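Right, one structure below, let's go through it.
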Amino acid sequence: MPHHRTLAPPEQRDGRTPVIHAELRRHYDSLYDLMLNGRAARDARPVLDVGTGDGLALTAITQGTPLHGLGIDVAAPGQWLGPPGWSVIQADAQRLPFVDDGFNSALMVDVYEWLRHPAATLSEIARVTDGPILIVQTDWEGLWFQADEAEIGRDLVRAFTKGAPEQLRQRIRSSAEEAGLSVERSSTVSITTDRLEQGGLAWDVLESIRRYLVIESAQVRARRFDDWRSELQRAADEGQFTMLVRRIVALLGSNGG
């Protein structure tokens with residue numbers, strides 16, 4: 001039976017509390033259940049969150065639960081949006097400063113695509129984890145926007161996703177096996193939304209694309225991007241908009257049982 005979380009009321013964008021998109025709540029519920037993997041919450045902690053960043057993904061998965069643990073990231077922690085009471089340190093996932101089997105679960109959300117040596121990193125995480133390792137990775141190759149029954153802005157999306165790993169699910173499996181781990185469960189989760197509202201999932205994804213294409217890489221003029229977003233907004237206002245994003249979810253365990 002799933003160990004469902006007790007969620008707090010929707011968060012507000014006040015600069016202090018994290019926003020968890022409504023479209024992702026069921027997805028995060030299932031990730032929490034996977035982390036437990038049939039165990040009571042007390043047996044799944046402490047948790048190691050690898051590449052925790054600002055802690056937002058960690059909050060999304062553990063909010064309203066008794067899980068606790070520690071987050072690491074190669075970058076110095078900035079504004080912390082993660083759950084209260086969690087420690088955060090700066091560390092390299094290939095050289096973790098922890099004893100063997102010091103954690104009962106490990107988590108890695110949207111980090112796999114940045115790993116230079118995935119098998120070595122997974123092997124090191126497995127060394128310090130006496131329990132399952134949950135990998136969640138957005139498959140940017142599958143991102144698309146549909147308006148009025150036609151996929152539009154494909155060139156802009158391709159420019160944003162250029163360099164995203166191909167055959168992501170198989171890559172995760174191969175690197176896990178190379179690290180001496182078994183893939184206990186693996187799935188592709190499709191997340192869709194027909195809403196394009198400020199603070200919503202589609203809005204924030206478009207903001208990320210704009211920030212990269214216009215501000216960070218200057219690949220696209222702002223006016224062209226904003227015209228595209230306006231076209232999507234018109235379609236959404238008429239009930240003819242859809243965004244799809246896929247995530248690979250893999251639960252890894254030791255081959256020794």
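The values are calculated or read from the model by the stated rules, or taken from the named source; none is laboratory data. All of these numbers come straight from a predicted model, not from anything done at the bench. In this analysis, Cβ positions are derived from the backbone assuming ideal geometry, glycine residues included, and neighbour counts consider all displayed protein chains.
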Restricting to the stretch 90-129, name every residue that is in contact with a Gly (Cβ under 8 Å, 6 or more places away or on another chain) and either of a type in the set (A, V, I, L, M, F, W, C) or surrounded by fewer than 17 Cβ atoms within 10 Å (Cβ to Cβ) (or both).
93, 103, 106, 108, 109, 110, 111, 114, 126, 128
Suppose the filter is over 17 Å from residue 133 (Cα atoms) and in a loop (DSSP other than H, G, I, E, B); does residue 79 pass it?
yes
Considering only the stretch 50-61, I want to know if a residue exists there that is more than 23 Å from residue 248 (Cβ to Cβ) and in a loop (DSSP other than H, G, I, E, B).
no
Which pairs have Cβ atoms under 7 Å, sit 6 or more apart or on different chains, and link a residue in the stretch 129-146 that is free of Cβ contacts under 8 Å to residues at least 60 places away in the same chain to one that is assigned to a strand (DSSP E or B) and surrounded by fewer than 22 Cβ atoms within 10 Å (Cβ to Cβ)?
none
Among the residues of the stretch 188-223, write down those that are surrounded by fewer than 12 Cβ atoms within 10 Å (Cβ to Cβ) and over 30 Å from residue 135 (Cβ atoms).
197, 198, 218, 221, 223
Please tell me if residue 181 is closer than 19 Å to residue 248 by Cα, modelled with pLDDT under 95, crowded, with 17+ Cβ neighbours inside 10 Å and among the hydrophobic types (A, V, I, L, M, F, W, C).
no
All positions within the stretch 82-111 that are over 17 Å from the mean Cα position of the chain (by Cα), touching a residue at least 24 places away in the same chain (Cβ under 8 Å) and part of a strand (DSSP E or B):
88, 103
